[in-house]
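Worksheet for the structure shown next.
The values are calculated or read from the model by the stated rules, or taken from the named source; none is laboratory data. Because the structure is a prediction, the values reported are computed rather than measured. Virtual Cβ from ideal backbone geometry, glycine too; neighbours counted across all protein chains shown. To get the accessible areas, we keep the full protein, side chains included, count just its heavy atoms, and leave off ligands, DNA and RNA. Shrake-Rupley method; radii C 1.70, N 1.55, O 1.52, S 1.80 Å.
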Amino acid sequence: GRDKDGGTGVKLETRTKTQRPPLYKVLILNDDYTPMEFVVHVLERFFGLSHAQAFDLMLTVHKKGLAVVGVYSYEIAETKVALVMDFAQRHQHPLQCTMEKEC
Ligand code: TYC
């Protein structure tokens with residue numbers, strides 16, 4: 001702040017705003033062709049969900065069009081997206097996975 005130094009020009013206040021790394025949402029998108037069981041498998045394998053959690057989230061995506069499946073640092077989110085896209089492509093399914101900055 002201004003004039004907290006009694007005119008000495010010495011900085012007496014320290015920063016209180018803590019820097020936190022930005023987080024990124026990883027999203028799965030619905031499509032008409034990817035089998036439901038494949039999406040459930042992806043959610044279990046790459047996002048650490050139980051079978052029941054994965055099934056429920058897959059149904060949410062199927063009904064609503066998309067859902068957030070996890071929130072991670074940039075590097076982890078980028079890796080998850082790449083692994084899912086590669087896995088889907090190798091199985092010839094059009095499943096889409098993307099990321100977006102949170103806030
Ligand atoms: N809509 C797909 C079907 O009816 C299932 C599906 C769910 C596909 C979620 C993608 O992210 C997805 N077979």
Q: Show which lysines lie in cross-link reach of residue 64 when reach means a straight Cα distance below 25 angstrom and same-chain residues fewer than eight apart are skipped.
A: 25, 80, 101
Q | Accessible area in square angstrom per residue, the chain, 1.4 angstrom probe | A | 73 Å²
Q) Between residue 85 and residue 62, what is the spin-label point distance in nm, taking each point 7 Å from the Cα along the Cα→C-beta axis? A) 2.6 nm
Q. Taking the highest mean first, how do the peptides 64-73, 18-27 order by number of other beta carbon atoms within 10 angstrom per residue?
A. 64-73, 18-27
Q: Sort the chain into rounded, prolate or oblate with this rule: let a ≥ b ≥ c be the square roots of the eigenvalues of the Cα gyration tensor; rounded if a/c is under 1.5, and if a/c is not under 1.5, prolate when a/b is larger than b/c, oblate otherwise.
A: prolate
Q.
Using only DSSP helix segments of four residues or longer, with each worth -39500 (n - 2.57), what per-residue ellipticity at 222 nm results for the chain after dividing by its residue count and rounding to 500?
A. -13500 deg cm²/dmol
Q: Could you check how much of the accessible area of the chain is carbon and sulfur, as a whole percent, using a 1.4 Å probe?
A: 52 percent
